[in-house]
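The values are calculated or read from the model by the stated rules, or taken from the named source; none is laboratory data. Just so we're clear, the structure is a prediction, and the values are computed from it rather than from any experiment. Cβ atoms come from the backbone with ideal geometry, glycine included; neighbour counts cover every protein chain shown. Areas reflect the complete protein model, heavy atoms only, side chains present, ligands, DNA and RNA absent. Shrake-Rupley method; radii C 1.70, N 1.55, O 1.52, S 1.80 Å.
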Amino acid sequence: MHKLLFVAFFFIFSVFSSFSQELEEEFLSALDNRDSTAILFEELETRLETKVDSGMYFYYLARFQNIENNPRQAVETLLKSLPFFSSKESSSYLISAYNNLTYLESILGNWEKAMLYGQTAYEKALAVNDSNRMGYSLADLGIVYHDMEQYEKGVEYAKRGYQILSGSPNSDTRTKSFALNAIAINFDDWDKPDSALFYHYKNLELLSELDSSAFTNTYNNIGNTLLKQGRYAEAKKWVEISLKYNYRSMDSYKLATNYTNLATIAYNLDRYNEAEEMMDSAYHYVQLSDSREKLRDYLYDQFRFQKKKGDLMLSLDYLEQYAALKDTIFKEDRVRMMGELETRYEVSEKERQLAESRAQLAENELLVKNRNNQLLLLLIVLLISLGLGFFIYYRQKNKNWHLEQEAKLQKIFAEQQTQKRLQEQRQRISSDLHDNIGAQLTFIISSLNNLKFLDLPKDILGKKLDQISEFTTETINELRDTIWAMNKDSITLDDLQGRLAGLLEKAKNACPAIDFTLELGENLDENFQLNSLEGINYYRIAQEAIQNAIKHAEASKIKVSLFPENSHLSLLVEDNGKGITGSRKNGNGLGNMEVRADRIGRKIQIESKMGQGTRVHVF
């Protein structure tokens, strides 16, 4: 939605033939002197000699009004310029005026009028065989279709325009760039990002022929396509380049689009404060631009932003404003249509009254005819109103149904993904059960079978059986721990804390001389949850670290800590033992801890100094 219309300079005229060249240059010079533009225009108004001169005055005055963020006033002024131009003597100005009316009515949301003016511009360009204006007008219609969300039509018209320009030996590079951009933005909002980027980058191939500032909209639109693909860092780079150039011209329409895109990038990266600032700036320039298209985009992005933050009430409010604005566009068009019909009726009435003064009989006949026309007109207006009302109602109802279906599909998809992740976790735990417990049971069976064939003294046999019993008990405990994890979809902090407390209690009973401590960080969320795979691996790493400290480190203090770190749970096991000797640094125990940490996407850091203890940190 966040597109900049590629109007590199609003009223493109320098590439086409001109009239009254000297006067035109003075108008352009007046526009460059922003502080004194109004005064210079007043002076130039006194020097108008021909109809074309008068048309040029209104033409460039409209350009100044648009620069001053008065698009509605600019439309009125451009309409005043049309009677002073003709297809024979000043076709370039005439076609350009219609092109500019297309652009202005489009940003104001009056798409029916924009379509009418765009079609008129194309027909007049076709009549004088002006390929540049023909291509430009068709691409302009492609942008109007884009704003009306009819992207397939937009691509069709913009491509037709580009084909005309490509086949002309005298085509203007800036106009070709405009057509390429029109194709790209339609593909982008048509959810065809690869095609959009193809035409955007094809557009950048023209950089060698144009100043880089002419591509401010292309830079922004590339960023817009990339952010939809989740490539936020790349997208931000392109949008910021566009923002830098747009600040030079202070084009509020383009700045509104830049800041809306930057806000979207920020909130997708969970940078909510930055997103708020960008949204505030976007709204400021939306108001200055007086563009209902930009206001529509802003309201819809506020809805997505507030929904992302979890503020459902505020997001719903923005969604309602967005829907109301779209409905208003149709309502206002209908009101304007009624006003035009009433104006025509008043003209007819005045003509009827004039005819009455000339001939009573003719006046009476005209009165009857007018009344019949009025009834027919009212009937037509009523039918049109009912048709529009039904269309708007049906369209909104259909849209609401699609939104509901989309929400249901998203919910089903989320549930399926959750079940898939749980199944994957269970499969990994099952694999761990097979590899560890299976191997240990195999060892026990093998040991017992070996005893049958050995004639050992009772004391040695007893020691062997004690070792097998101890190993069997350890295997049973590991099996219980694994079953504990598999029986849970998720493991809470309380579950893990209780399990670790039980482990330390058993260790305390076995080694009463060692001081065991379990500590929880102050900022640890009590509702923090782990999946079953994470829970069992955190537990196994702590178990391995404690056993190493007891068996090898000769520690008198062992401390286990849980605390938050970088949105993850961090585990720290510390002892004051003699440290890890050279023979143990490559042992299976340390390797198993590293494998377990990697299995759940965590890093592990093992620090040990001789005589100063050991720290095992999982984060």
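Restricting attention to the stretch 265-292, which residues are farther than 27 Å from residue 105 by Cα and open to solvent by less than 20 Å² (accessible area, probe 1.4 Å)? Matches in the stretch 265-292: 265, 266, 267, 275.
Consider residue 183 carefully, then state whether it is under 22 Å from the mean Cα position of the chain (by Cα), of a type in the set (Val, Ile, Thr) and in a helix (DSSP H, G or I).
yes
A residue that is modelled with pLDDT under 95, buried (at least 21 other Cβ atoms within 10 Å of the Cβ) and either hydrophobic (A, V, I, L, M, F, W, C) or in contact with a strand residue (DSSP E or B) (Cβ under 8 Å, 6 or more places away or on another chain) (or both) occurs somewhere in the stretch 117-128. Among the residues of the stretch 73-112, the ones that are farther than 22 Å from residue 44 by Cβ and in contact with a helix residue (DSSP H, G or I) (Cβ under 8 Å, 6 or more places away or on another chain) come to 17 in all.
Considering the stretch 359-383, the residues that are touching a helix residue (DSSP H, G or I) at 6+ places or on another chain (Cβ under 8 Å) and open to solvent by less than 70 Å² (accessible area, probe 1.4 Å) include one that is nearest to residue 324 (Cα to Cα), namely 381. In this structure, residue 139 does not qualify as under 24 Å from residue 60 (Cβ atoms), part of a helix (DSSP H, G or I) and in contact with a Ser or Thr (Cβ under 7 Å, 6 or more places away or on another chain). With respect to residue 306, determine if the residue is modelled with pLDDT of 90 or more and under 30 Å from residue 112 (Cα atoms). No.
Looking only at the stretch 11-57, residues that are under 16 Å from residue 80 (Cβ atoms), at pLDDT 85 or above, open to solvent by less than 50 Å² (accessible area, probe 1.4 Å) and of a type outside the set (S, T, N, Q) come to 9 in all.
Do the conditions hold for residue 454, that is, is it over 26 Å from residue 591 (Cα atoms), outside any helix (DSSP H, G or I) and either at pLDDT below 80 or polar (S, T, N, Q) (or both)? For residue 454, the condition - over 26 Å from residue 591 (Cα atoms), outside any helix (DSSP H, G or I) and either at pLDDT below 80 or polar (S, T, N, Q) (or both) - is met.
For the stretch 129-163, a residue qualifies if it is open to solvent by 30 Å² or more (accessible area, probe 1.4 Å), modelled with pLDDT under 90 and of a type in the set (D, E, K, R), and exactly one does: 149.
Quick one: in the stretch 213-234, which of the residues that are open to solvent by 40 Å² or more (accessible area, probe 1.4 Å) and not in a loop (DSSP other than H, G, I, E, B) is modelled with the lowest pLDDT? Per the stated criteria, the residue is 213. Of the residues making up the stretch 486-499, those that are assigned to a helix (DSSP H, G or I) and surrounded by 13 or more Cβ atoms within 10 Å (Cβ to Cβ) number 6. Cβ-Cβ contacts under 9 Å between residues 6 or more apart (or on different chains), taken from a first residue in the stretch 264-281 that is touching a residue at least 12 places away in the same chain (Cβ under 8 Å) to a second residue that is buried (at least 16 other Cβ atoms within 10 Å of the Cβ) and part of a loop (DSSP other than H, G, I, E, B), are listed as 264/2.
Mind listing just one residue for me: the one in the stretch 384-406 that is over 21 Å from residue 320 (Cα atoms) and in contact (Cβ under 8 Å) with a residue 40 or more places away in the chain and, of those, least open to solvent (accessible area, probe 1.4 Å)? Show your work before the answer.
Filtering the stretch 384-406 for residues over 21 Å from residue 320 (Cα atoms) gives 384-387.
Checking which are in contact (Cβ under 8 Å) with a residue 40 or more places away in the chain leaves us with 384-385.
Numbers: 384: 71, 385: 36 Å².
Residue satisfying both the conditions and the ranking: 385.
Within the stretch 58-105, the set of residues being closer than 23 Å to residue 131 by Cα, open to solvent by less than 10 Å² (accessible area, probe 1.4 Å) and not aliphatic (A, V, I, L, M) comprises 59, 90, 92, 93, 96, 99, 100, 102. Given the condition outside any helix (DSSP H, G or I), farther than 19 Å from residue 225 by Cα and not charged (D, E, K, R), answer yes or no: does some residue in the stretch 248-262 qualify? Within the stretch 248-262, one or more residues are outside any helix (DSSP H, G or I), farther than 19 Å from residue 225 by Cα and not charged (D, E, K, R).
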